[in-house]
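Novice: Right, I'll just put the structure down here and ask away after.
The values are calculated or read from the model by the stated rules, or taken from the named source; none is laboratory data. Given the structure is predicted, the values throughout are model-derived calculations rather than measurements. In this analysis, Cβ positions are derived from the backbone assuming ideal geometry, glycine residues included, and neighbour counts consider all displayed protein chains.
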Amino acid sequence: MKNEIIEDCGFSVNVHRLHTLVIGSGAAGLNTAIQLKRNGIEDIAIITEGLNCGTSINTGSDKQTYYKLSLCGREEDSPRKLAESLFSSGGMNGDTALAEAAVSARAFLNLVNLGVKFPQDSFGQFPGYKTDHDPRQRATSTGPYTSRDMCLALIKEIKLLNITVHEKRVAVSLLVREKTVYGAIVFNIEGEGAFEIYLASNVILATGGPGGLYSDSVYPEIHTGAIGLALLEGAAAHNLQESQFGLASIKFRWNVSGTYMQVLPRFISTEADGVSGPREFLADYIKDAGHLNTLIFLKGYQWPFDAQKVESGSSIIDILVYIETKIKKRRVFLDYRRDSVALDFSLLGDEARSYLEKSDALVPCPLERLRKMNPQAIDLYLEHGINLEKEPLEIAVCAQHNNGGLAVNGWWESTNIKHLFAAGETAGTHGVCRPGGSALNSGQVAGFRIAEFIAARYHESVECGPPREALEKLRIFSGYLNKSGRDWKKVRSEFQERMSENAAHLRRKENLESAASEAFTQYKKVVAEGQSFANAAEAAEALRNIQLCFAHYVYLEGIRHSLLSGTGSRGSALVLDEKGTQIHESLGAEWRFVPENPELREMLLETEFEETSGDILNRWIKRREIPDEDLWFEKAWSAFLKKDIYGIT
Ligand SMILES: Cc1cc2nc3c(=O)[nH]c(=O)nc-3n(C[C@H](O)[C@H](O)[C@H](O)COP(=O)(O)OP(=O)(O)OC[C@H]3O[C@@H](n4cnc5c(N)ncnc54)[C@H](O)[C@@H]3O)c2cc1C
């Protein structure tokens, strides 16, 4: 990396020139940098808010899942079969599905070789379990912190490989000319804060999912995401409307999946003070206690809210929690200290009863059952200042993952901005639903694909010339900091609340119309009036709000378009309409939903900002099928040697 200082209108700007810039140091960004280096791309750097930031290193769940090609026992698996499982979720491209399947074993074994302790048997097989949307037993885990374990191993390797990492950096804009990326403008929050310019032949955006867009969120609090940087430059996105939502604790953000539900906690709601008027509200709607407790048990492994499980399935629980918190404005808690009044093990469904029986957990009190089945689950909350013995756990329905993201080809390059790649949750490779754990697989695979493609096709550096346009853009961003409009925190909570109210698991056409228009108005205002902030770290947050606020507008437009097109209820989103189908006999007429139009599973929604018109364009495109490659060895060998394989996009 070459560095120079350019004096410009009283500014001293640090300009860094390098071959490939990776933005973000989550599991995806770290592995991409490692694979670039292993493929001979030496002149690289990662810029990041911090090696301890992002979702991967700060999150987990009861048993955080990594999904991969099956590598154990008699069960047959193959790249094609795994690709079909991924593809069958609908709305996913076949080439990325095949690549995610084909590179899966390599990506997984790379982690094993770096020291991630995925369980193996005495012969070196990696036993798996079945996760949601998984026809086999492809899932594995290192425990609650799989993605953190991955990051720690990857960071060690980054250090061994001597890869440059610039921390405390917030990318505030991408540099794009003639639909080709050539770098980024970055705010360095060290000291008093300063802008920097990174000029690079290739940029990998690995900034994670859009955690900062929702007020009800189980993304780590410090994680906001930065897909808006690319959306502002007109990068096409796929499936922005497909996200995952589910029940999570909110004081310490954590999915209450797995054993947290299987031990059948008591669901209570209280008035706003968190104490008065406690009641077991679920029984108001579901009178049959055996059925109710079976649904709670099932929530354990049917964690994401699922539009297909509302009528008679476990996702009705998420709706009832939503009604209590958002409509009745009460607070909902899981109480592990005593059993619900109506709990009777003999009334449970067979699956639930036999599971508890086999776990020696047919004992009174949820906490005792949790102690038998998963004592670490209690410790985990203790480590974060919550004692389940003494206090109930507050929960809400929260945003957890975006299946969509930037539109990429089979090598994870943006479909309309050259030399820009997206890895991890920033890439929109998943469809309507996805097998649990496939997000982590996808992020690792992306690193291999991107690095090989850059080494084969983009090995030469592109000369960027004097950074005239970059400096012009930098002046615009520094201009934002000279204005002082509303407090940046208020700006952020406004769009976060708008998203949680309109673009989460419950959606209404009429609300989305007004939400999208309010979003646009807010974005215009933020840019025109600026924001107020106290110091360099807050200045970075104000700058970040620009891309986040724009992203929320684009997401709302995408979601609105998908509803208007008649996708109906699918994945983790239920479309409500009074003319629809009644959700549950105990709910009023406003609780009717639009059934899914399954034909749209063959399509992807492409969303793009067109700078000249200022419009957000939405169109449905036919998804790419799983390629049927000619795998005759001699032919494949020749295509490989001639590098023809890098022509497939
Ligand atoms: C509670 C929870 C449980 C989950 N469980 C599972 C699971 O069991 N299995 C599974 O497969 N997936 C799971 N996921 C999803 C999965 O964890 C994420 O999709 C994945 O970790 C994202 O990795 P990433 O590398 O793309 O992004 P991240 O890990 O979020 O990293 C993003 C990086 O970008 C940096 N960054 C962001 N913006 C900027 C900017 N403007 N400038 C500079 N740097 C920036 C951040 O600091 C960070 O370093 C879960 C998610 C959550 C929230």
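Novice: I'd like the residue in segment 204-224 that is touching an Asp or Glu at 6+ places or on another chain (Cβ under 8 Å) and near the ligand (Cβ under 10 Å from one of its atoms) and, out of all such residues, is nearest to residue 35 (Cα to Cα).
Specialist: 208
Novice: Further question on the same structure: Being without any contact (Cβ under 8 Å) to a residue 40 or more places away in the chain and closer than 30 Å to residue 513 by Cβ is the filter here, so list the residues in segment 616-637 that pass it.
Specialist: Scanning segment 616-637 gives 617, 619, 621, 622.
Novice: Here's something else I'd like to know. What residue, among those in segment 549-592 that are of a type in the set (Asp, Glu) and more than 25 Å from the chain's Cα centre (by Cα), is nearest to residue 517 (Cα to Cα)?
Specialist: By that ranking, first place goes to 577.
Novice: Where in segment 306-377 are there helices (runs of 4 or more DSSP H), lying wholly inside it, with at least 1 residues that are closer than 30 Å to residue 570 by Cα?
Specialist: 316-322, 350-358
Novice: Residue 408 passes all but one of (1) farther than 30 Å from residue 449 by Cβ; (2) buried (at least 18 other Cβ atoms within 10 Å of the Cβ); (3) among the aliphatic types (A, V, I, L, M); which number fails?
Specialist: Residue 408 satisfies every listed condition except (1).
Novice: Within segment 147-173, restricting attention to residues that are of a type outside the set (Val, Ile, Thr) and touching a strand residue (DSSP E or B) at 6+ places or on another chain (Cβ under 7 Å), which residue is nearest to the ligand (Cβ to nearest atom)?
Specialist: 171
Novice: When you scan segment 156-181, how many residues do you find that are surrounded by fewer than 18 Cβ atoms within 10 Å (Cβ to Cβ) and assigned to a helix (DSSP H, G or I)?
Specialist: The total comes to 3.
Novice: Filter segment 225-252 for residues that are out of contact with any strand residue (DSSP E or B) (no Cβ under 7 Å at 6 or more places or on another chain) and part of a loop (DSSP other than H, G, I, E, B); which is nearest to the ligand (Cβ to nearest atom)?
Specialist: For segment 225-252, the residue satisfying everything is 225.
Novice: Separate question: For the subset of segment 20-44 comprising residues that are of a type outside the set (D, E, K, R), more than 11 Å from the ligand (Cβ to nearest atom) and not in a strand (DSSP E or B), which member is surrounded by the fewest Cβ atoms within 10 Å (Cβ to Cβ)?
Specialist: For segment 20-44, the residue satisfying everything is 40.
Novice: Taking the condition of a type in the set (Phe, Trp, Tyr) and within 15 Å of the ligand (Cβ to nearest atom), does residue 118 pass?
Specialist: yes
Novice: Select from segment 78-108 the residues that are more than 25 Å from residue 142 (Cβ to Cβ), crowded, with 23+ Cβ neighbours inside 10 Å and in contact with a Pro (Cβ under 8 Å, 6 or more places away or on another chain) and list them in ascending order.
Specialist: 98
Novice: Against the definition (aliphatic (A, V, I, L, M) and more than 19 Å from the chain's Cα centre (by Cα)), how does residue 503 come out, yes or no?
Specialist: no
Novice: Please verify whether residue 187 is within 9 Å of the ligand (Cβ to nearest atom) and closer than 22 Å to residue 551 by Cβ, treating the condition exactly as stated.
Specialist: yes
Novice: Can you name the residue in segment 436-451 that is small (Gly, Ala, Ser) and within 7 Å of the ligand (Cβ to nearest atom) and, of all such residues, is surrounded by the most Cβ atoms within 10 Å (Cβ to Cβ)?
Specialist: Among those residues, the one meeting the criterion is 438.
Novice: One residue is enough: does segment 527-541 have a residue meeting the conditions in the same structural domain as residue 69 (by TED's automatic domain parsing) and of a type in the set (D, E, K, R)?
Specialist: Scanning segment 527-541 turns up no residue that is in the same structural domain as residue 69 (by TED's automatic domain parsing) and of a type in the set (D, E, K, R).
Novice: Further question: Of the residues that make up segment 554-567, is at least one within 30 Å of residue 436 (Cα to Cα), in contact with a Phe, Trp or Tyr (Cβ under 7 Å, 6 or more places away or on another chain), assigned to a helix (DSSP H, G or I) and not basic (Lys, Arg)?
Specialist: yes
Novice: Hey, among the residues in segment 48-73 that are more than 6 Å from the ligand (Cβ to nearest atom) and not in a loop (DSSP other than H, G, I, E, B), which one's surrounded by the most Cβ atoms within 10 Å (Cβ to Cβ)?
Specialist: 66
Novice: Being in contact (Cβ under 8 Å) with a residue 12 or more places away in the chain and exposed (fewer than 15 other Cβ atoms within 10 Å of the Cβ) is the filter; apply it to segment 347-361 and report the residue that is farthest from residue 297 (Cα to Cα).
Specialist: 360
Novice: Report yes if some residue within segment 258-278 is within 21 Å of residue 307 (Cβ to Cβ) and within 16 Å of the ligand (Cβ to nearest atom); otherwise report no.
Specialist: There is at least one residue in segment 258-278 that is within 21 Å of residue 307 (Cβ to Cβ) and within 16 Å of the ligand (Cβ to nearest atom).
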